[in-house]
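Each reported figure results from applying straightforward, stated rules to the coordinates on display, with no laboratory input. Fair warning: this is a prediction, and the values are worked out from it, not measured in the lab. Cβ sites come from the backbone with ideal geometry, for glycine too, and all protein chains shown count toward neighbours.
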Amino acid sequence: MRPVTVLATLQTTDGSVTVRRAVRGDVPRIVELLVDDPLGFAREGGDGAEAMEPYVLAFEAVDADPAHLLVVAEDGGRVVATLQLSFLPGLARRGALRAQVEGVRVHPGRRSSGLGSALLEWARIEAERRGCALIQLTSDKRRADAHRFYSRLGYVPSHEGFKLGLPR
């Protein structure tokens, strides 16, 4: 098991939180955050250890790959936010390394405290530190509040995304 790695301390209007690499024991709490909105509720979750199995397997794959960093923000031992930062090499943009932000979630009781902004600012700084030329994210078209939030942080809705579901 990987030791806990503290990456930063962030200040919010509610006090400070610790950003650290997620560990396997965080998976149930991360899933709770993923489920805690109308879109996530429809596609995530389940009860019992069997329902956690695909999440644990996914965590192990993410955690084992140095191109991916799953983090949590913790306050007093309680996970209050999460995001995944992935580093994507490519030939486009003169061989630019990109940072992809996924799965941004903040506990409802901590929203509007500056935690989401501070966590995304930390992600931007980490992407710069690793030599990324840009940081990008996608957000479901139905998440109007999230779109306003990302725009306030300087993210620009520059592309139209497409997805194709595959059988599993």
For this session: Using a cut-off of 15 Å between beta-carbons, work out the net charge of the residues near residue 128 (Lys and Arg +1, Asp and Glu -1, residue 128 not included).
Result: +2
Exercise. Quick one: what does P(r) look like for the stretch 89-168 with 5 Å bins over all Cα pairs, in whole %?
Worked result: 3, 12, 21, 24, 18, 13, 7, 2, 0
Seminar exercise, completed: With residue 158 itself left out, Lys, Arg at +1 and Asp, Glu at -1 over residues whose Cβ is under 14 Å from its Cβ give +1
For this session: Would you mind ranking 85, 10, 153 so that the residue whose beta carbon has the fewest other beta carbons within 10 Å leads the list?
Result: 153, 10, 85
Exercise. Between residue 23 and residue 51, what length in nm is gained on full extension when 0.36 nm per residue of separation is reduced by their alpha carbon distance?
Worked result: 8.3 nm
Problem set entry | For the stretch 135-156 and the stretch 98-113, distance of Cα centres in Å | 11
Seminar exercise, completed: If amide H atoms are modeled at 1.01 Å from N in the peptide plane, then the residues at a separation of 5 or more from residue 107, or on another chain, having amide H under 5 Å from its own are 81
Seminar exercise, completed: residue 141 neighbourhood, Cβ < 14 Å, K/R = +1, D/E = -1, net charge +1
Exercise. So for 163, 141, fewest C-beta neighbours within 10 Å to most, what's the order?
Worked result: 163, 141
Exercise. In deg cm²/dmol, rounded to 500, what helix-only [θ] at 222 nm does the chain give when every DSSP H run of at least 4 residues adds -39500 (n - 2.57) and the total is split over its residues?
Worked result: -10500 deg cm²/dmol
Seminar exercise, completed: Calc'd 3J(HN,Hα), the stretch 5-15, phi into Karplus 6.51 cos²θ - 1.76 cosθ + 1.60 (θ = phi - 60°), Hz, glycine/Pro = x, comes to 10, 6, 10, 6, 10, 10, 9, 10, 5, 8, x
Exercise. Looking at the chain from every direction and averaging, what is the projected area of its Cα convex hull in nm²?
Worked result: 10.8
Seminar exercise, completed: Neighbour-count ranking for 138, 82, 12 (other C-beta within 10 angstrom, fewest to most) reads 138, 12, 82
Exercise. Check residue 22: other-chain or 5+ apart residues with amide H under 5 Å from its amide H, H built from backbone geometry?
Worked result: 70, 71, 72
Exercise. Which far-off residues, 5 or more places away or on another chain, put their amide H under 5 Å from the one on residue 12, with H placed in the peptide plane?
Worked result: 17
Exercise. Got the relative contact order for the stretch 6-152 handy, in percent, Cα pairs under 8 Å and 6 or more residues apart?
Worked result: 20
